Structures are given as C-alpha cells and as structure tokens.
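I have placed the structure first, in the form of structure tokens, so that the comments after it can refer back to it.
None of the figures in this text is laboratory data; all of them are computed from the coordinates on show. Computed from a prediction, not measured in an experiment: that's the story for all the values here. Cβ coordinates were reconstructed from backbone atoms using ideal geometry, including for glycine residues, and neighbour counts include every protein chain displayed.
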Amino acid sequence: MVQDFHLDSLDKKILEFLTADARMPFLEVARKCKVSGAAIHQRVQKMTEAGVIKNTQVMLSTKGLGYLTCAFIGIQINLTTTRTHEQVFEKIRQIPEITECHHITGKYSLLIKIYTRNNEHLKQVLVEKIQSIPEITFTETFLSLEEGFSRQVKI
C-alpha cells in the first residue's frame, strides 16, 4: 500500500467509469478519457497498489438467486469461557448466509448482515447456526423491508 497517494482528475474519471461498470474495457475508458489504453492500465495498477482499488467483482442479485429476506443482527458475546473473540468470529464466518460482519461499539460486539430465502429460513439460521454458538448470549434482529440505496464512497 502506497502512502501519500493522491487521486488526480484523470484517476477520478477512471474510477467513475469503472465503479459504474467494472467490466468496461480499458480501451473504452481510455477513449472516454482521451488517453491511451496503456495510461489507463498503468493508472489502475498504481491505484490497486496504493489500495484505492480493492478488487473487481461481479455483484450477484440476492433476489435473483432467491434470497428474498435481508436482516441485520446485533450479537452480544460472553467470553467468560475459554474461547476468544476471534474464535467466535470464525464460527460466524462459517455461516454462508452471512454476507457482512462488523466489530462494533455499543450494546453489541458484532453486527451482521444476512440474506435468507424467506423468514422461515432466517429463523432456522438464527436458531440452529447463530444462537447455537455457546458464547452468543443475545441477538437482536432487524428485518430490512427494502434497500433504499447502496453506493460506493464519494470519489
């Protein structure tokens, strides 16, 4: 990761095009930015090395895959047993329906985002997989009625 990396106007243009469509060919980005394809490739490489670009990926549609329920779950952990916070975190990581896990401050130790086929599936994952972890002492579930928006940070 490069320290003191600063985005110039060309970097910002490149990022705008690629965040809108990560599959856009570099030559098309170059044409729109009025520079060479090699320049785009070099800039993307430098931004990747600097940690500005994390990765490129295909985003799957959860609804298209049949996962119609989205929920956020606050998790309290009691570590009076011999397990560590990291061991509990690793158990959470093994549950495939959980797409995000954040270590947070406040009432809960962890906040997770989970996608399930329906509410019955959510209940099953919650009871059989999450609440069955002995160190988890309390959970609070928040159902998402609809995603208002999702976006990248402003460039």
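A Förster radius of 35 Å, combined with the Cβ-Cβ distance separating Phe149 from Thr84, puts the computed FRET efficiency at roughly 0.45. Under the shape rule built on the C-alpha gyration tensor, where the axes satisfy a ≥ b ≥ c, the stretch 101-155 is oblate, since a/c reaches at least 1.5 while a/b does not exceed b/c. Taking packing as the residue-averaged number of other Cβ atoms within 10 angstrom, the listed peptides 33-41, 144-152 run from highest to lowest as 33-41, 144-152. Would the stretch 9-49 count as rounded, prolate or oblate if I go by the C-alpha gyration tensor, calling it rounded below 1.5 in a/c and otherwise prolate when a/b exceeds b/c, oblate otherwise? Rounded, because the longest to shortest axis ratio a/c is under 1.5. Between Arg117 and Lys34, the distance separating the two model label sites (each 7 Å from Cα on the Cα→Cβ line) works out to 5.5 nm.
On the basis of the beta-carbon distance and an R0 of 25 Å, Lys54 and Asp8 show a calculated FRET efficiency of 0.80. Shape analysis of the stretch 49-127 places it in the oblate category; the axes a ≥ b ≥ c from the Cα gyration tensor give an a/c of at least 1.5, with a/b not above b/c. When each of the peptides 131-138, 59-66 is scored by how many other beta carbons lie within 10 Å of its residues on average, the order from highest to lowest is 131-138, 59-66.
What the phi angles of the stretch 126-131 give under the Karplus curve with 6.51, -1.76 and 1.60, with θ = phi - 60°, is a coupling list of 4, 6, 7, 10, 7, 6 Hz, glycine and proline written as x. The alpha-carbon atoms of the stretch 1-78 define a convex hull whose volume equals 154 cubic angstrom per residue.
Rounded to the nearest Å, what's the spacing between the alpha carbon centres of the stretch 83-155 and the stretch 48-67? Just the number, please. A separation of 19 Å, based on Cα centres. Between the entries (1) 16.0, 59; (2) 20.5, 61; (3) 17.9, 56, the label attached to Rg and Dmax of the Cα atoms in Å calculated for this structure is (2).
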